[in-house]
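This report refers to the structure that appears directly beneath it.
The values are calculated or read from the model by the stated rules, or taken from the named source; none is laboratory data. Remember, it's a predicted structure, so these values are computed and weren't measured experimentally. FYI the Cβ positions are ideal-geometry reconstructions off the backbone, even for glycines, and counts take in every protein chain you see.
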């Protein structure tokens, strides 16, 4: 017996995957651009007070002792603008990933419906419930693997956006405190208002 010979399930799957409707779905999902290295770009937007490459703290140019308050507040504002730029890019990535997910899920739903309608005998021969779902999942494994990548990247996007929001809030708080200190020291108007 040849162990490399396809099983009856593999034969059914291969035959169903050659169906013109299923082929069109696979062609459509192939057009969805999925960058598997997107995780690297997303991690470049992660803000931390530590340099992840070395044990020391990362210097954002802000001395919270406000020895040179004008520069420190300007550096806070600069960091906040940089964070906003990161946030804008991560939101752009999120929109693209959500559109990719919509297309992939739509293809999966359409394909599943088609298989249940056109290949009812083959699907029912697999058993009931979970066995049928497993059979369908095998047919659409290329699509599901792309969907899994998108879902993982969307989870990363959410974590990075939360990180950026917290970093922005921290810099804003530091800038507000620094501005109030400058007001008290100079008795004049601050560089930013506490309500900004």
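Results, tabulated for the structure shown:
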| item | result |
| --- | --- |
| Residue among 185, 118 that alone is touching a residue at least 40 places away in the same chain (Cβ under 8 Å), surrounded by fewer than 14 Cβ atoms within 10 Å (Cβ to Cβ) and more than 30 Å from residue 92 (Cβ to Cβ) | 185 |
| Subset of region 91-140 [on the phi > 0 side of the Ramachandran plot and at pLDDT 95 or above] | none |
| Filter result for residue 40 (farther than 19 Å from residue 136 by Cβ and modelled with pLDDT under 85) | no |
| Residue check, residue 109 within 32 Å of the chain's Cα centre (by Cα), within 22 Å of residue 154 (Cβ to Cβ) and surrounded by fewer than 18 Cβ atoms within 10 Å (Cβ to Cβ) | yes |
| Pairs where the first residue, in region 136-151, is under 14 Å from residue 9 (Cα atoms) and the second is exposed (fewer than 13 other Cβ atoms within 10 Å of the Cβ), C-beta under 9 Å, 6+ apart | 138/10 |
| Some residue of region 60-75 being modelled with pLDDT of 85 or more and not in a loop (DSSP other than H, G, I, E, B) | no |
